[in-house]
1. Give the residue that is surrounded by the most Cβ atoms within 10 Å (Cβ to Cβ), with candidates limited to residues of segment 322-376 that are β-branched (Val, Ile, Thr) and in a helix (DSSP H, G or I).
2. May I ask you to list the residues in segment 459-498 that are touching a residue at least 60 places away in the same chain (Cβ under 8 Å) and either among the acidic types (Asp, Glu) or under 19 Å from Val370 (Cβ atoms) (or both)?
3. I'd like the residue in segment 377-394 that is among the small types (Gly, Ala, Ser) and either surrounded by 19 or more Cβ atoms within 10 Å (Cβ to Cβ) or without any contact (Cβ under 8 Å) to a residue 24 or more places away in the chain (or both) and, out of all such residues, is nearest to Gly466 (Cα to Cα).
4. Filter segment 96-108 for residues that are touching a residue at least 40 places away in the same chain (Cβ under 8 Å) and more than 18 Å from the chain's Cα centre (by Cα); which is surrounded by the fewest Cβ atoms within 10 Å (Cβ to Cβ)?
5. Residues that are assigned by TED's automatic domain parsing to the domain that holds Val411, charged (D, E, K, R), under 14 Å from Gly324 (Cα atoms) and in a loop (DSSP other than H, G, I, E, B): does segment 460-473 have at least one?
6. Determine, yes or no, whether Ala505 is within 30 Å of Glu105 (Cα to Cα), surrounded by 21 or more Cβ atoms within 10 Å (Cβ to Cβ) and in contact with a helix residue (DSSP H, G or I) (Cβ under 8 Å, 6 or more places away or on another chain).
7. Go through segment 109-137 and give me each residue that's buried (at least 17 other Cβ atoms within 10 Å of the Cβ), out of contact with any helix residue (DSSP H, G or I) (no Cβ under 6 Å at 6 or more places or on another chain) and of a type in the set (S, T, N, Q).
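The values are calculated or read from the model by the stated rules, or taken from the named source; none is laboratory data. Worth saying up front: this structure is predicted, and the values here are computed from it rather than measured. So basically every Cβ, Gly included, is an ideal-geometry build from the backbone, and we count neighbours across all protein chains shown.
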Amino acid sequence: MSILDRIQSPADIRALTRDELRILASDVRERMVDVCSRTGGHIGAGLGVVELTIALHQAFHTPRDQLVWDVGHQGYPHKLLTGRNTRMESLRQESGLSGFLKRSESEYDTFGAGHAGTAISAALGMAAARDINGEEDLKVVAILGDGALTCGLSYEGLNNAGHSERDFVVVLNDNEMSIAPNVGAMHKYLTSIQRNPLYNRVRSKLGEIVDRTGPLAYVVRKWEESMKSFLTPGVLFEELGFRYFGPIDGHDLDALVDTFAAVREMNGPRLVHVITQKGKGFPAGEHAAGEKWHALPPGHDPSTGKQLKTSTANAAYTAVFGKGLADLGTEDSRVATITAAMPSGTGVAAFAKAHPSRFFDVGIAEGHAVTFAAGLATRGVRPVCAIYSTFLQRGYDNIIHDCAIQSLPVVFAMDRAGLVGEDGETHAGLYDIAYMLAVPNMTVTAPKDGREMLALLRAGIEHEGGPFSLRYPRDAVPHAVPEMKDIPAAPYATWEVLRQGADVAILAVGTMVNTALTAAETLADEGLDVTVVNCRYLKPYDEVTLAAILAHHRQVLVVEEGTVINGFGSYMATVIERQDPGVRVHTHGVPDRIIYAAARTKQLAALGLDAAGIAERVRALHESEALAG
């Protein structure tokens, strides 16, 4: 039995010797690589924090002490050490362990973590609640990656925490990477601290003097502060009110355990700066820079990271979008691209390579990305903001205040719109239709396939009348896609009637168009004749085509891969009620509940958003109409 197999809770970690802790670290890495080779997952960051996680659970009294992890990419070792080792094969599977941290999954998951930058604010709230409740000797620790320091929310939390003077610990896991290589001034600042050997030698010597001098400790500490100011480009964390410790080797268990044991006994805001290596223990991940080893799909060789089975599917929407955007940038020198720390994830690395002077990675700062794009647009540039649907939610105020009110032509390319499979509820892009429809001056679109996605992208670049949004799924395109130069813009505010029938009319959105056509073919074999409309422009909608549909149909079914609450179906119900109260409008989409991780095909089927589900809904509507008649 390995040491990891003996760990049922962190209490078992606290009973181990230092040598056993080092063996445990090796066991954890081996287990992570083995599991993720089958389930897939965010392996890179987790491998980098194995020793850090062990040391935190060894030094702090979890679960009473609260460890608040930022995102969940760092959380796999934490799961293994908190009673979930035997369930790790269910990681990211239906009804299995979440790929992120989840309060309902374990008492050790103190705060749900899916999007970066939340740890400091959440942990400070817990510390304040502790003080309100009089819970003495309870420590709160926020653990965040250095990539989170490109996120404005992190600075808001740091500012408030330092000012509060509460008993509060921040651990900064610095691996010089978030998902893509870090950008910005904070990255340069942290790197300068890490790599200043003179400062670190002087600090060490001053520490020895403090240990020996006793009464002179105050004076020596003042010397230390002066030396920091002289030898480093700033003392940001101290100026924010934190006592700074580090940088510390994040793979030296002795140093980590001793530091955390000492820090736990202190009070006030403290920040421990730890240097780790993303992907440590996985050779392919250690030596490959960039986003490739941030996460791995299921079915790879645990020793090399290579896929064991090559996919025969069509290209992904993301890749098709990235190539088309790069080609469009070649055609039109006004086109620029902005992403928020996800150049490969959004496909825009192709644009970055082709047009580096017009590519901007702003870090994990979605609100800034949006307003930055608005600024570009004021000077005649045509910015494309390529951000996952779930992350663009963080920039919603900026969309309204900075783009829509000023009617600036910013294109929002929303990847991972709809259901996202194994990444689960934190990453599902289910709300963009609803939130974009509510924005004045916003054009809202959804393509039925890869070709139409590029046609709408071109339309967005040509559009003069305000912001333009485009959503597409985490999936393969259904058909081959021609070159961008051969794809004209999709005519503005137009729909396509793809199938004409005499019975129920289906208004289908984006990914549901081809699925609705398949359902219609099944229904036709049963004698039920259905109209299928590709509603590629949701706002403004095609008034002429809608009027023609209402003239020949008494029942309309709106099908969308998004929330039915305030979605396109709700919008059409309001419009049609105003135009023809005799027409019955029905919505078919994602219900008002959280959709948990499962394969995307399973999620669609469970919600009735596959061809069989749509056909069944149409049958029910047709039967109800017959009974009513």
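1. Val370
2. Gly460, Ile461, Gly466, Pro467, Arg471, Tyr472, Asp475, Glu483
3. Result: Ala377.
4. For segment 96-108, the residue satisfying everything is Glu107.
5. Within segment 460-473, none of the residues are assigned by TED's automatic domain parsing to the domain that holds Val411, charged (D, E, K, R), under 14 Å from Gly324 (Cα atoms) and in a loop (DSSP other than H, G, I, E, B).
6. no
7. Thr110, Thr118
Matching residues to (1) surrounded by 15 or more Cβ atoms within 10 Å (Cβ to Cβ); (2) assigned to a helix (DSSP H, G or I); (3) of a type in the set (Val, Ile, Thr):
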position	(1), (2), (3)
Ala480	no, no, no
Lys485	no, yes, no
Leu498	yes, no, no
Gly501	yes, no, no
Gly510	yes, no, no
Asn514	yes, yes, no
